[in-house]
1. Could you tell me how many degrees, from 0 to 90 and to the nearest 10, lie between the Cα long axis of helix 27-39 and the main elongation axis, the longest principal axis, of the Cα atoms of the chain?
2. Identify all aspartates and glutamates with a Cα-Cα distance to residue 74 below 13 Å; exclude those on the same chain that are fewer than 8 residues away in sequence.
3. Can you list the lysines whose alpha carbon is less than 17 Å from that of residue 61, not counting same-chain residues fewer than 8 positions off?
4. Using +1 at the C-beta of Lys and Arg and -1 at the C-beta of Asp and Glu, which of 51, 68, 13 has the Cα lying farthest in the positive direction of the dipole of the range 7-85?
5. Out of the DSSP beta bridges found with both residues in the chain, what percent are antiparallel (nearest 5)?
6. Working only with C-alpha atoms, what are the Rg and Dmax values of the chain, expressed in angstrom?
7. Given the rule -39500 (n - 2.57) for each run of at least 4 DSSP H residues, summed and divided by the residues of the chain, what is its mean residue ellipticity at 222 nm, to the nearest 500 deg cm²/dmol?
Amino acid sequence: MPKPDLIITGCVAVDKEGWRLGKGGGYGDKEITRITEKFGKIPIATTVHDLQIVENIPHEKHDTKVDYIITPTKIIKCARSEHFT
């Protein structure tokens, strides 16, 4: 498998720090972790409606963050995205 240039993940809600809330079960986090363990740092993006951006998402140690939030009206570069240009 070639190294991906970008990981796109879905979420139910996301905050501007890049913490995301999935549908439960941690499947998205597991997939992202497996890919990044194999290939190293890869930018991660999610697509949501503007209403899905919330003030704060509770998170745990194993949770993964996104680098970019893409909505119909804007693109938000999150704190984790300092590693990517």
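No value in this document is a laboratory result; all are computed from the given coordinates. Worth saying up front: this structure is predicted, and the values here are computed from it rather than measured. Quick reminder, even Gly has a Cβ in these numbers, built from the backbone with ideal geometry, and neighbours come from all protein chains shown.
1. Around 40 degrees separate the two axes.
2. Within reach: 50.
3. Within reach: 30.
4. Ranked along the dipole, the leading option is 68.
5. So the antiparallel bridges amount to about 45 percent of the total.
6. 12.2, 37
7. Values: 1 runs with 13 residues, N = 85.
Value at 222 nm, helices only: -5000 deg cm²/dmol.
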